1. Mind listing whichever residues of the stretch 53-92 are assigned to a loop (DSSP other than H, G, I, E, B) and crowded, with 16+ Cβ neighbours inside 10 Å?
2. Checking the conditions here, which among Thr96, Thr128 is assigned to a loop (DSSP other than H, G, I, E, B), modelled with pLDDT of 80 or more and loosely packed, with under 12 Cβ neighbours inside 10 Å?
3. Go through Gly16, Gly11, Gly24 for me and flag whichever is in a loop (DSSP other than H, G, I, E, B) and at pLDDT below 70.
4. Within the set of pairs 6+ apart or on separate chains, which have a first residue in the stretch 43-72 that is more than 16 Å from Val181 (Cβ to Cβ) and modelled with pLDDT of 80 or more, a second that is assigned to a loop (DSSP other than H, G, I, E, B) and among the aliphatic types (A, V, I, L, M), and C-beta atoms under 7 Å apart?
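The values are calculated or read from the model by the stated rules, or taken from the named source; none is laboratory data. Since we're looking at a predicted model, the values are computed, not measured. As a convention, Cβ positions derive from the backbone with ideal geometry for all residues, glycine included, and neighbour counts pool all protein chains shown.
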Amino acid sequence: MQRRKFVIGMGALASGAAAAMGTGAFNVARADREVTVDIVEDSNAYLGLEATSAYSTEDDGEFKIDFGSNGEGGQGLSENANYVFTDVFAIRNNGTDDISVTLSESLDSIEWETEYPRAYYSFEEIGTSNDVNGDGDFTGGTAADGATIAPGDEVYVHFEFVGRDAETEGEPDDLPETLGVYAEATN
């Protein structure tokens with residue numbers, strides 16, 4: 001009987017030591033597995049960019065914004081004039097987690113750094129109404145504020161171009177050549 005207790009005790013000691021020290025018989029391993037990655041149009045990507053106006057398009061699956069020639073005779077923005085474009089495009093969360101999205105007018109930064117032009121977002125389309133909360137501010141927030149988007153939801157992006165600052169009569173910032181959309185999972 002004592003021998004059985006000794007064998008059971010040694011077995012318990014060995015399994016406890018193995019658990020404490022680790023049971024792996026190797027330090028490095030490599031296992032090759034198949035990975036499937038689908039390249040899709042921007043509107044169908046996990047971070048979907050959807051054209052919702054005449055100023056945004058999807059060409060060969062790549063999203064573009066163009067405030068230049070519109071094909072109807074317009075050639076661009078006037079000097080010393082202010083413009084507001086609503087619902088230029090939508091950012092859709094096609095993923096599985098909530099995301100925080102910010103916009104940048106530069107690929108070197110993840111923040112909106114210029115005073116003008118400005119980008120805004122709203123959780124609903126504004127349409128052609130100029131009701132931007134009655135005080136000239138969009139109801140959702142600015143590009144620098146960021147927006148949290150749940151899976152399946154979207155925000156609409158709007159732009160304000162100021163060619164002349166009425167208060168200072170100063171020069172506006174240069175117009176951006178690129179637009180960065182940055183997203184980070186929040187949960």
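1. Step one: of the stretch 53-92, the residues assigned to a loop (DSSP other than H, G, I, E, B) are 53-55, 60-61, 66-81.
Ser53, Tyr55, Phe67 - these are the residues of the stretch 53-92 that are assigned to a loop (DSSP other than H, G, I, E, B) and crowded, with 16+ Cβ neighbours inside 10 Å.
2. Working: Thr128 fails: modelled with pLDDT of 80 or more.
One residue alone meets the criteria, Thr96.
3. Values: Gly16 fails: in a loop (DSSP other than H, G, I, E, B); Gly11 fails: in a loop (DSSP other than H, G, I, E, B).
Gly24 is the lone residue from the list that is in a loop (DSSP other than H, G, I, E, B) and at pLDDT below 70.
4. Pairs that qualify, where the first residue is more than 16 Å from Val181 (Cβ to Cβ) and modelled with pLDDT of 80 or more and the partner is assigned to a loop (DSSP other than H, G, I, E, B) and among the aliphatic types (A, V, I, L, M), are Phe67/Leu77.
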